[in-house]
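Engineer: Mind having a look at this structure? Questions to follow.
The values are calculated or read from the model by the stated rules, or taken from the named source; none is laboratory data. Since the model is a prediction, treat every value here as computed from it, not as a measurement. When we count neighbours, we look across all protein chains shown, and the Cβ atoms used for this are built from the backbone with ideal geometry, even at glycine. The area values use the complete protein model at the heavy-atom level, side chains included, leaving out ligands, DNA and RNA. Shrake-Rupley method; radii C 1.70, N 1.55, O 1.52, S 1.80 Å.
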Amino acid sequence: MADTTTPGPTIFVLYGSTGDLARRMVLPAFYELAIAGLLPQDWYLVGNGRGEKTDEEFAQHVHDALTEFGPAPGDGPWESFRDRLRFAGGGFTTEDPGQLVDVVDAIRDGRGGAGSADGGTGGAVEHQLVHYVALPPSTFGDYTRAIGEHGLDEGARVVYEKPFGTSPADFRELDAVVHQVLDEQQVYRIDHFLGKEATQNLHVLRFANTLVSGVWNNQHVAQVQIDVPETLGIADRAEFYDATGAVLDMLVTHLFQVAAEVAMEPPVSLGADDLQAARESVIAAFRPLDPAEVVLGQFEGYTDTEGVAQDSTMDTFVAARLWVDTDRWHGVPFLLRTGKELAVSEQRVSLVFREPEGPMTGVPSSANVLSFSLQGDGELALSVVLKEPGPELDLSTGTAALALDTVPGGEPLPPYARLIHDVLLGDRSLFTRPDGLAHVWEVAETLLDSRPELTTYEKGSMGPAAADELARPGRWLLQG
């Protein structure tokens with residue numbers, strides 16, 4: 001669990017602070033925490049980059065990012081927030097730290113200027129260092145080495161974006177570099193799907209409700225479907241996507257982690273170590289993917305996108321059948337599907353129950369389903385078989401839905417804000433561990449080595465038709 005409920009003085013160093021990920025996700029998350037009053041009383045955010053910016057120019061960049069992606073500056077304490085922003089240019093390498101060490105030292109020595117804990121009049125303050133590496137995974141090793149080389153590793157926490165590695169060999173090399181510099185307890189590997197309020201409700205609903213926990217097994221569940229289709233394309237990050245694709249961007253990261261949330265055995269407790277251990281343990285039971293049970297697709301016109309190679313064979317869609325070799329889930333397929341330029345945008349986990357034995361026939365295929373929407377604040381839906389009104393005994397489907405934002409209590413935090421807050425508290429329960437990631441790469445290795453033939457699909461469709469064959473006939477639930 002958390003080391004403390006009151007974070008002490010903290011300096012966040014945001015690498016890639018002017019990049020797309022920082023603008024869309026990370027900077028808005030910091031401001032969400034400021035609005036919620038969940039940042040430390042004494043904190044600074046130091047943006048790092050190769051270029052040169054004044055603190056005022058960086059503050060304007062942050063202002064523009066919040067204006068575009070929200071929350072709007074006027075919706076929160078912008079003036080006091082702006083005073084805590086600094087920029088350290090000149091890059092950051094093992095040979096040259098640029099301005100970063102000087103900026104961090106100035107803040108720690110009480111020379112931080114406006115907004116210092118002592119009002120900028122001097123006086124050293126011991127700040128916790130949090131490094132946030134919002135950069136492509138190919139840079140993680142170099143930045144980790146530089147953090148150690150310039151003495152910024154002692155007692156620090158380091159947050160890595162996903163994917164943590166781009167292949168089994170690359171993961172092993174990166175893991176070795178990270179542990180040469182850092183202790184595992186200092187490492188926070190983000191998978192923002194684990195920070196979603198609705199994802200956490202997966203295990204809360206299961207472990208706190210007898211009605212649900214009693215059917216969470218292969219005696220009652222015919223298949224599990226995890227769907228993350230997107231209507232969005234890749235134009236805003238074409239170069240990144242053409243080097244990554246749907247398999248690395250989504251399957252071996254978000255979808256595998258959500259599958260583990262569904263499939264894990266009850267942890268000893270919901271403490272960080274026990275929750276992580278339960279999730280990583282079930283990942284070890286994931287059977288290596290069979291390429292014959294995987295469909296890869298690419299939307300028509302992908303190679304016409306600026307930044308994409310004309311002969312690119314990168315996948316923009318993947319559907320895979322995953323098997324979990326535990327007693328609880330033996331024989332139950334987990335259907336994982338995601339892609340770009342599809343008919344709908346959704347993030348949904350569906351438990352499709354077995355049809356009951358008995359006198360009823362003609363049970364609708366859309367019934368007997370418990371599903372969780374992971375989008376936004378989330379929603380729980382139960383689809384059941386009911387009698388169709390009228391004189392005949394005809395069957396129909398009824399759905400009861402509970403929007404999670406109607407549950408009484410506090411305000412939910414967006415995933416990135418929740419995870420950054422957990423870093424502040426030293427709570428690693430929603431972050432991945434190297435043993436689990438090592439198993440993830442083992443599960444994916446056969447697919448990466450023997451990729452099935454790519455199939456094109458139309459924009460606005462639900463992907464290649466061959467993907468439907470991976471599901472039980474008539475039970476592929478999410479449609480356009």
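Engineer: Kindly provide the set of residues from segment 421-455 that are more than 20 Å from Val178 (Cα to Cα) and touching a Phe, Trp or Tyr at 6+ places or on another chain (Cβ under 7 Å), ordered by number.
Structural biologist: Val443
Engineer: What helices (runs of 4 or more DSSP H) lie completely within segment 161-217 and have 1 or more residues being buried (at least 19 other Cβ atoms within 10 Å of the Cβ) and at pLDDT 95 or above?
Structural biologist: 168-181
Engineer: Here is a follow-up. Name the strands (runs of 3 or more DSSP E) wholly within segment 331-395 that hold at least 2 residues that are open to solvent by 30 Å² or more (accessible area, probe 1.4 Å)?
Structural biologist: Where strands (runs of 3 or more DSSP E) fall fully within segment 331-395 and carry at least 2 residues being open to solvent by 30 Å² or more (accessible area, probe 1.4 Å), they are 348-353, 379-387.
Engineer: Restricting the first residue to segment 432-458 and requiring it to be more than 16 Å from Thr244 (Cα to Cα), which pairs with a second residue that is open to solvent by 60 Å² or more (accessible area, probe 1.4 Å) meet a Cβ separation below 6 Å and a spacing of at least six or different chains?
Structural biologist: What qualifies is Val443/Pro288; Thr446/Pro288; Thr456/Glu300; Glu458/Glu300.
Engineer: Now, a different point. Can you name the residue in segment 136-156 that is more than 15 Å from Phe12 (Cβ to Cβ) and part of a loop (DSSP other than H, G, I, E, B) and, of all such residues, is most open to solvent (accessible area, probe 1.4 Å)?
Structural biologist: Glu154
Engineer: Okay, next question. Within segment 62-80, is there a residue that is under 27 Å from Pro137 (Cα atoms), touching a strand residue (DSSP E or B) at 6+ places or on another chain (Cβ under 8 Å) and open to solvent by less than 40 Å² (accessible area, probe 1.4 Å)?
Structural biologist: Taking every residue of segment 62-80 in turn, at least one turns out to be under 27 Å from Pro137 (Cα atoms), touching a strand residue (DSSP E or B) at 6+ places or on another chain (Cβ under 8 Å) and open to solvent by less than 40 Å² (accessible area, probe 1.4 Å).
Engineer: In the list Leu470, Leu437, which residue meets the criterion of being farther than 30 Å from Trp43 by Cα and under 22 Å from the mean Cα position of the chain (by Cα)?
Structural biologist: Leu437
Engineer: Still on this structure: So which residues in segment 305-330 are of a type in the set (A, V, I, L, M) and open to solvent by 30 Å² or more (accessible area, probe 1.4 Å)?
Structural biologist: Across segment 305-330, the qualifying residues are Ala309, Met314.
Engineer: Quickly run through segment 253-284 and pick out the residues that are closer than 14 Å to Leu437 by Cβ and assigned to a loop (DSSP other than H, G, I, E, B).
Structural biologist: Ala284
Engineer: Continuing with this model, one more query. Of all residues in segment 290-306, how many are under 25 Å from the mean Cα position of the chain (by Cα) and in a loop (DSSP other than H, G, I, E, B)?
Structural biologist: 1
Engineer: Now for a different question. Do we have any residue at all in segment 402-412 that's of a type in the set (A, V, I, L, M), surrounded by fewer than 14 Cβ atoms within 10 Å (Cβ to Cβ) and touching a Lys or Arg at 6+ places or on another chain (Cβ under 7 Å)?
Structural biologist: Scanning segment 402-412, I find no residue that is of a type in the set (A, V, I, L, M), surrounded by fewer than 14 Cβ atoms within 10 Å (Cβ to Cβ) and touching a Lys or Arg at 6+ places or on another chain (Cβ under 7 Å), so the answer is no.
Engineer: Find the helices (runs of 4 or more DSSP H) located wholly in segment 10-102 whose residues include 2 or more that are of a type in the set (Gly, Ala, Ser), and list them.
Structural biologist: 27-36, 55-69
Engineer: For Ser116, only one of the following conditions fails: (1) outside any strand (DSSP E or B); (2) modelled with pLDDT of 95 or more; (3) of a type outside the set (A, V, I, L, M, F, W, C). What is its number?
Structural biologist: Of everything listed in (1) outside any strand (DSSP E or B); (2) modelled with pLDDT of 95 or more; (3) of a type outside the set (A, V, I, L, M, F, W, C), Ser116 misses just condition (2).
Engineer: With the requirement that a residue be of a type in the set (D, E, K, R) and open to solvent by 40 Å² or more (accessible area, probe 1.4 Å), what does segment 233-292 give you?
Structural biologist: Listed by number, the residues that qualify are Asp236, Arg237, Glu239, Glu265, Asp273, Asp274, Arg287, Asp290.
Engineer: Another question, if that's okay. Hey, can you tell me all the residues within segment 357-380 that are of a type outside the set (Val, Ile, Thr), under 21 Å from Gln219 (Cα atoms) and at pLDDT 80 or above?
Structural biologist: Selection gives Asn368, Leu370, Ser371, Phe372.
Engineer: Looking only at residues that are within 12 Å of the chain's Cα centre (by Cα) and of a type in the set (S, T, N, Q) in segment 219-258, which one is nearest to Gly195 (Cα to Cα)?
Structural biologist: Looking at the filtered set, the residue picked out is Gln257.
Engineer: Go through (1) at pLDDT 90 or above; (2) under 20 Å from the mean Cα position of the chain (by Cα) one by one and return the number of the condition Phe353 breaks.
Structural biologist: So the condition that Phe353 fails would be (2).
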